[in-house]
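No value in this document is a laboratory result; all are computed from the given coordinates. All values derive from a computational prediction rather than experimental measurement. Please note: Cβ atoms are built from the backbone with ideal geometry, for glycine as well, and neighbour counts cover all protein chains shown.
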Amino acid sequence: MAIAAAVAIIGCSKSNDDGTWLLDGSPKVNAEVVVDETLDLVNDGFMIKDTPEGRKVLARTEIGALYGTYALQRLERTGQADGVLDIKEEPSFERRILNHWDNLNNTIERGYAGWSIWHWGEPVPVELIKEYARLNASIGINGSVLNNVNATPEMLRRDYLERVAEIADVMRPYGVRVYLSVNFSSPAALGGLPTSDPLDPAVQQWWRSKAEEIYSLIPDFGGFLVKANSEGLPGPQDFSRTHADGANMLADALEPYDGIVMWRAFVYAPNSPDRANQAYDEFMPLDGEFRDNVLIQIKNGPVDFQPREPFSPLFGGMTKTAMMVEFQITQEYMGGSNHLVYLSTQLEECLDSDTHCDNEYSTVAEITSGKAYPEVYNTTAIAGVANIGRDKNWCGHYFAQSSWYAFGRLAWNAELSSEEIAREWLQQTFSTEPEFVEPVLDMMMTSRETAVDYMMPLGLHHIFAGEHHYGPEPWYEPEGARLDWLPKYYHQAGPDGIGFDRTRSGSGNVDQYHEPLASMYNSLETCPEELLLWFHHIPWDHRMASGRTFWDEMCHRYDRGVKKVREYQAVWDAAKPYVDEERWEAVRAKLEIQESDARWWRDACVQYFGEFSGMPVPADVEQPERPLEELKKIKLNMKHHN
Ligand code: GCW
């Protein structure tokens, strides 16, 4: 297939009215596209060059040419293609993967944009999937894990695999490979074997045959993603084997076909003294024990996609095992598809974090892109939990697309700034008018910090409603619940103060980090304020940099968050002339919800924590409107479906 054909296929876009960054479907650029296998380019990299014979997009692979074409289109659309171009781009990570938490009944775990786009059990929606793949190709995403990490063994049934093969066929021309999440008990649950023990030869054989079957249907199948011994899912520890035993058994089955295993480090046992310590404690002793085609997939923070967490200490810890970051693009903990939160700044914060490991390359991005320990990284990867569903605008909120977009752009080039990504997204999606772009850009750039302020400022975490993770419920405590699923486990509020003591006199979590971070986090004087309650239990009257007491500061942050959302409403009102009525109104209506939710968060938290601090909400901030008792009665019908 020549690149021209690929570009032509891209032209078959179904609808242009979903408000995506690619409004007209096909990348029409003014350049000659050349695929030349002898070019000095890594992976699907490309060059855009102005030569005496005119402008050229050059690549070693057809997909590289496609990426180059899209890159040029982006430059043209954003007014950056006028000068002389001499560009060479190669991806930061080889595998840039979306993780869909989609179930076979078409529900999506933590999905806020409608049913699964895969339409399980219905005819394959070819045009929709093409469009999805095209959007991914335009930003360089080249892999999709189709199903939920809470995987059912049925996923590997023959009829489903045939269906996966059809999806793979549709996405292949766009360079998007499919991967699957697998359930570790599949040999027993689906194959009828008496056990799923990874050291049992019959179990190993079952996985080898399954791999053979998969590859006979999908020759370029990417590999398996595995959530094992985590939140009730089965795993090797059920048979007294280690994570390495489990991952390696699957890796051996996939190895003849160059498949990989992405083994998640999201593990925590009930009621342990500090959940944040556990992934590190379990995986560090296994460093170096994994096969070459295994990557350990680690959430950006040590607990669970909270509005703010420090980076997971595993990134600085393991030096003999390939690792990849997992981000959450779906806003499980940031307002679902109702809140405008541009997540790029959160991704960037993690990728740029310096782990201070003993290597010239020590940031999370440098380590996971293989720069620090090249001999250990057979391949490199990065994952984002998708926020995509059947909603007409894909993500439920028009601005939620910007986080999908940013994930793709950062996966391609981890050195891009969130600001340049937001700017180009706005220009392609809405308008290039600076009067529109600049204020809206500022709104996007501050939006994550704003959400942190009105939900969980100063290092607070996991004080969500137990059932849905949407609104506040710091008081949530149903009878018999797992301690580490209760907000009070995390906020530890009492008359003496608030926050989780992870210092050396507490859980010792700080020592999972290299110096100087360990000591910096350990000391109240040097711990960054935005992580204060993550690492410290703080007395209510602790003096903050602002000169306020901790209590007053916390109230100010909540209040600041609410006021910032009101500023966004004003920004969006002023943006009206630049945006079509439908999209303008949709965003306006969502901002209204966000403002009301921000007040809900503020009122609930300052009043609930005020019962412990015994201090009044300072006079210079807006006073809570609704009494706590009323807020405690709010129950949303948003139970998530496994
Ligand atoms: O954040 C938690 C979610 C679960 C999710 C789990 C995980 C897929 O609340 O819904 O399960 O993390 O990442 O495995």
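Sorted from largest down, give the three principal axis spans of the alpha carbons of the chain, whole angstrom values.
Its Cα atoms span 71, 65, 50 Å along the three principal axes.
What's the extension gain from residue 50 to residue 352 if we count 0.36 nm per residue and subtract their Cα-Cα distance?
105.4 nm
Taking neighbour counts of Cβ atoms within 10 Å as a proxy for exposure, in what order, fewest first, do 417, 116 appear?
417, 116
Where both partners of a DSSP beta bridge lie in the chain, what percent of those bridges are antiparallel, to the nearest 5?
30
Considering the dipole of the chain built from charges on the beta carbon (Lys and Arg +1, Asp and Glu -1) around the Cα centre, which of 61, 319, 596 is farthest to its positive end?
596
With charges only on Cβ, +1 for K and R and -1 for D and E, what is the dipole size of region 121-254 about its Cα centre, in debye, rounded to 20?
220
Please compute the length gained on full extension between residue 435 and residue 292, using 0.36 nm multiplied by the number of residues separating them and subtracting their Cα-Cα distance.
Result for the pair: 46.4 nm of gain on full extension.
Take the alpha-carbon centre of region 30-54, take the same for region 253-282, and report the distance between them in whole Å.
Region 30-54 and region 253-282 have Cα centres spaced 40 Å from each other.
Taking the DSSP beta bridges in region 201-311 as the whole, what percent of them are antiparallel, to the nearest 5?
Of all bridge pairs located within region 201-311, approximately 0 percent are antiparallel.
Let's test the formula: R0 of 51 Å, r as the Cβ-Cβ distance of residue 477 and residue 42. What FRET efficiency results, to the nearest 0.05?
The value I calculate is 0.45.
So, R0 is 30 Å and r is the distance between the beta-carbons of residue 202 and residue 319; what FRET efficiency does that work out to, to 0.05?
About 0.25, to the nearest 0.05.
Please find the FRET efficiency linking residue 30 to residue 417, where r is the Cβ-Cβ separation and R0 is fixed at 30 Å, and quote it to the nearest 0.05.
Working from the Cβ atoms, E equals 0.65.
For 409, 264, 482, what ranking results if the residue with the fewest other Cβ atoms within 10 Å of its Cβ goes first?
482, 409, 264
Tell me the mean residue ellipticity at 222 nm calculated for the chain from its helices only (DSSP H runs of n ≥ 4, each -39500 (n - 2.57), averaged over every residue, nearest 500).
-11000 deg cm²/dmol
Take residue 122 and residue 619, extend 7 Å from each Cα along the Cα→Cβ direction, and tell me the distance between the two endpoints in nm.
So the two model labels end up 6.0 nm from each other.
Distance from the Cα centre of region 139-154 to that of region 408-475, in angstrom?
A separation of 24 Å, based on Cα centres.
Cα to Cα, under 15 Å, and not fewer than 8 places away if on the same chain: which aspartates and glutamates meet these conditions relative to residue 632?
Partners found: 467, 473, 477, 597, 603, 611.
Could you give the length gained on full extension between residue 496 and residue 80, defined as 0.36 nm per residue of separation minus the Cα-Cα distance, in nm?
144.1 nm
For each of 206, 394, count neighbouring Cβ atoms within 10 Å of the residue's Cβ, then give the residues from fewest to most.
Starting with the residue having the fewest Cβ neighbours, the order is 206, 394.
For each pair in 49/371; 49/392; 590/635, compute the distance between the two Cα atoms and list the pairs where it is over 29 Å.
49/392
Once you have a ≥ b ≥ c as the square roots of the Cα gyration tensor eigenvalues for region 573-637, tell me rounded if a/c is under 1.5, and otherwise prolate or oblate according to whether a/b is larger than b/c.
Taking the square roots of the gyration eigenvalues as a ≥ b ≥ c, region 573-637 is oblate.
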